[in-house]
1. Just report the Cα centroid separation between region B:185-239 and region A:1-57, whole Å.
2. Placing a label point 7 Å from Cα toward Cβ, how far apart in nm is A:S185 from its equivalents in the other copies, listed shortest first to one decimal?
3. Using a label point 7 angstrom from Cα along Cα-to-C-beta, what distances in nm, from shortest up, separate A:G51 from the other copies?
4. Could you name the lysines in cross-link range of A:K170, using Cα to Cα under 23 Å and dropping any fewer than eight places away on the same chain?
5. Neighbour counts of other C-beta atoms within 10 Å: give me A:H80, A:H220 arranged from fewest to most.
6. Could you please report the charge total around B:L19, scoring K, R as +1 and D, E as -1 over all other residues with beta-carbon less than 12 angstrom from its beta-carbon?
7. Can I get the semi-axes of region A:163-287's equivalent ellipsoid? Compute them from the C-alpha gyration tensor as square roots of 5 times the eigenvalues, in angstrom, largest first.
8. With only Lys, Arg, Asp and Glu charged, each at its Cβ (+1 for the first two, -1 for the last two), find how big the charge dipole of region B:152-226 is about the Cα centre; round to the nearest 20 debye.
There are 2 protein chains.
Amino acid sequence: MVERGGDSLARVAALTWPLSGSAHLVGLTGAPGAGKSTLTNALCAQQRRRGHRVGVLAVDPTSPFSGGALLGDRVRMGDHALDDGVFIRSMATRGHLGGLAVATPAAARVLDAVGFDMVVVETVGVGQVEVEVAGATDTTVVVVNPGWGDAVQAAKAGLMEVADVFVINKADRPGAGETRRDLESMLTLAPGEGWRPPVIDAVATDGRGVAELLDALAEHRAWLVSSGEGERRRRRRLADELAAVVSAEVARRAEAHMAGPAWEAALARVVDGRTDPWTAAGELLGD
Amino acid sequence: MVERGGDSLARVAALTWPLSGSAHLVGLTGAPGAGKSTLTNALCAQQRRRGHRVGVLAVDPTSPFSGGALLGDRVRMGDHALDDGVFIRSMATRGHLGGLAVATPAAARVLDAVGFDMVVVETVGVGQVEVEVAGATDTTVVVVNPGWGDAVQAAKAGLMEVADVFVINKADRPGAGETRRDLESMLTLAPGEGWRPPVIDAVATDGRGVAELLDALAEHRAWLVSSGEGERRRRRRLADELAAVVSAEVARRAEAHMAGPAWEAALARVVDGRTDPWTAAGELLGD
């Protein structure tokens, strides 16, 4: 219902809104192949051992042409299929990038409302949208691999700004030490704001580093409360979400202008070269 | 003026619209590090030798936090700084992903109107937005490297659907033959539609394969004309552009709802938990 959007989403939102607010929202992002889903699965297993329930939203890029989620939920759920303390759901963009800014927090709120202690929002890729979606959480984990040194400076800078915790996954591979030194020197240059992102070595395939990651997440959450930063982030997140909801609603109303005889006539004028798209758009909107 | 958007963009659009329509629009996309900018530079040099003028729009992902273009125009222009037959411009998203769908075709139209024979729209990355931007051209070139075999199936499928020409850049590296076989077997499976994308081996750093690429671009352009596909693409592109312009204009009007006392009051109600974002959005929009 959340992914369907529109009225069904609004109904879910109204129901879950008063019941949410207790889960720890964790964003997890990193380049394709960094091992994010393996790390998330290991994190779920470790959380279960500690008696906590985990919900996972895997936000996937989709082919702009064929649609559909990149990761199979069934495959993802493999280790946890019989455990109702773990829920994993892939969310596709379905061609509407803006939709993620509306659907992701609403879906996280559903998992929060039904009692998951932690909700992990995992995004594939390190594009602007992916980083923004992962960053719209309480705590953002950035997963890198040995060889991070090759990443372009600007991409690094963007990730440094969102990361609350760094994980060097596949840390048993050559170059892990260099990657750690690179990260730590960049962190030293960053302006101090009371929280220095820890850098955790992990090998998600055998669970190494996962307990340390969970400890770091708990520490960060405690810092969010004690410093007041958690409340500041919540306010910013809600402002972003409200803006996204307003935009989505306005866009839905705009779609009324993109079909029907007036639209066809305007498009025909543009295709024939009689008018440019700006003039045509103004006419459609009644200027 | 195009990047600034709004009224200045509309003025540029009105001026350049009647003068455009003769350039060959070429999209060029591929993963970061595939060598797209080197290939584009080599393509410019080769086009100059043939007496043609080339405009390049390098559409860059930006850090969502610090802004600014990833590639330096000055660096990019290095080989062609004294040649007014080549123009290279980086376009940043400036935090507005939707803005690219409006600004890119408008900027390409400026270059077209002032007499560039070919306009290359180069996008960094293979996300949905990047592929869409590169695909909104006459001819789309997808640049891969030996090792393409590692790319996820869904990403491959999306690229196969937009590619008119494949370039295996860095073809002097191990695995080029395997990559070619992989591409060609995927192309064999694709439904035949009259044009079978050629697969060109290139080494952009020494110019190898660039003449073949230009020949393939010219052949594809001739096919677009003879098959009628060029006109179909132009119509689809203009419909997309008109929809993007309408959306941008509606979004601009929506921003009026995202500031001022009513916005602050609605946000305060959401932050205090008194109402959910959907109800608040509805109230802001006068429901």
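1. Each part reduced to its Cα centre gives a spacing of 42 Å.
2. The projected label point of A:S185 is separated from its counterparts by 4.3 nm.
3. Computed spacing set for this position: 8.3 nm.
4. Within reach: A:K36, A:K156.
5. With the fewest neighbours first, A:H80, A:H220 line up as A:H80, A:H220.
6. Spelling it out: positives minus negatives among the neighbours equals -1.
7. In descending order, the three semi-axes are 51, 21, 15 Å.
8. 140
We did not get these values from a lab; they are worked out from the coordinates using the rules stated. Since this is a predicted model, take the numbers as computed values, not measurements. No Cβ is skipped: glycine too gets one built from the backbone with ideal geometry, and neighbour counts run over all protein chains shown.
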